[in-house]
1. Going by Cα centres, segment A:1-29 and segment B:161-188 are how many Å apart?
2. Over the Cα atoms of segment B:13-151, what radius of gyration and what Dmax do you get, in Å?
3. Taking every DSSP beta bridge with both residues inside chain A, roughly what % is antiparallel (nearest 5)?
4. Connecting C-alpha atoms closer than 10 Å in a GNM of chain B, tell me which of B:P32, B:P198, B:P128 has the biggest fluctuation.
5. Might you report the magnitude of the Cβ-based charge dipole of the protein assembly as shown about its Cα centre, with Lys and Arg at +1 and Asp and Glu at -1, to the nearest 20 debye?
6. Please give the FRET efficiency for B:R273 paired with A:D186, using the beta carbon to beta carbon distance and R0 = 51 Å, rounded to the nearest 0.05.
7. Give the separation of the Cα centroids, segment B:64-80 to segment B:198-231, in Å.
8. Tally Lys and Arg at +1 and Asp and Glu at -1 over the other residues with C-beta under 10 Å from the C-beta of A:R136: what net charge comes out?
Amino acid sequence: MKVGVLALQGAFTRHCDVLTALGAVPLEVRTPVDLEAVDAMVIPGGESTTMSMLLDSSGLRTPLAGRMADGLPVLGTCAGMILLAVRVTDGRPDQRSFAAIDIDVRRNGYGRQVDSFEDEFPVAGLDGPFHGVFIRAPVVERVGPTVEVLARVDTIPVLCREGSVLVSSFHPEMSGDGRIHERFLDLAFSV
Amino acid sequence: MSDVTRATGTQLVKRGLAEMLKGGVIMDVVDPAQAKIAEDAGATAVMALERVPSDIRRDGGVARMSDPEMILGIQEVVTIPVMAKARIGHFAEAQILQALDVDYVDESEVLTPADEAHHIDKWAFDVPFVCGATNLGEALRRISEGACLIRSKGEAGTGNIVEAVRHLRSILGDIRRITLADQAELFEWAKRLQAPLPLVQEIAETGELPVPMFCAGGIATPADASLVMQLGAQAVFVGSGIFKSDDPAPRARAIVETVTNFRDAAMVAKVSRGLGDAMPGLEMGSLETRLADRGW
């Protein structure tokens, strides 16, 4: 189970630690060559504008889009969710996303850093609540008909799935709880 | 349910933003136009200040928190986090910055200290703080006061990397030595570092600082950024190095690409080509004021 973790910028080492603890083999992905070796992909939190720029300069954008179109399973957290959405509001006008899951998001929709928060919420299919960390998090404003909402906070979707694409507006790598990653690995490798 | 369990301003949330800034470049900017250039170049955050350190050094006088109007102007034009500096010990400036919704407060030696004995009690704030450190003891004292991110100080406004290297090596070298110490030696380490014992014990166990550590002070070229990342910094602050250079935008972008690919010398060579002149540098011996000596 070689799981690529996009390592252009952000909290990628945290994801690698969680994946390792679950018995998967994380590989940091910075180039198109790195991407060839992976069977699934994590797009971590960080700054989506920075990552978007680096996706172009690294030459990763086109091959990554291609792999996803061929069904590469992807987990996107926070900035990763933004990069996988269809439409992004309050982003930069030149910011481009992969449209890998049929949702629209508002960047920094919960506010600035002083509004960042932790919260507990139930997740469909998990026993017991999950403790989520939301940091300048995006708000999901539209969910397409084929998207399954797995968790909400105050009616707003925070964890969504479509096919083998799983996205969260919170940071499951920050909670010391591997259940969201475990869910992703099941999704990616159970077939 | 969520109304009961929701919490803001926690250590996890404050340190979390620092985690998100890892592998990135935080750039000093003095106006909205520079902030835009920084964001376009891929900065993960901007530091809003009235004068970059090299100008503070040249002009002298008392350097204070920036005009709120200027900070608001910068917040309006960029989508990335906006940080701003408060004077060491000046908790009223920090309160104002928190009221302005800045994303991180830098209690910074680049500004003129307001208190010669006390740093700000950073636990009293919801906004996270970054503080500078020249050695491990200083870093741990700042963390015990509530700092959620440490930056090695270097010597701001010089374009000279030598102090940043000294401070990084001092902090990371002592961390490595502490991991080899036995239980009895940890008490002595705490005494020598003038740092709380539980933090020293935590380092002995984990082998790293309890919060992320970035590097600041003297980074002028992509090679400088690569050097400090290879030494163990997790991200970089670039102050005068960008907007005091010949051609800021391409240099800013080159440093961003370097921090992502800092171990790939061929890549760093490629992005370093044709950047024009770096900022003029200063020898340490020629300095009247050592900013890094500020802080206690």
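1. 28
2. Rg, Dmax (Cα atoms, Å): 14.1, 40.
3. Within chain A, antiparallel bridges account for around 50 percent of the total.
4. Between B:P32, B:P198, B:P128, it is B:P198 that shows the largest mean-square fluctuation.
5. On the way: 47 positive and 67 negative charges, 141 e Å.
The calculation lands at about 680 debye.
6. So, using R0 = 51 Å, E works out to roughly 0.65.
7. After rounding, the separation between the Cα centres reads 28 Å.
8. Taking every other residue near A:R136 into account, the sum is -1.
Just so you know, all these numbers are worked out from the coordinates, no wet-lab data involved. Because the structure is a prediction, the values reported are computed rather than measured. Quick reminder, even Gly has a Cβ in these numbers, built from the backbone with ideal geometry, and neighbours come from all protein chains shown.
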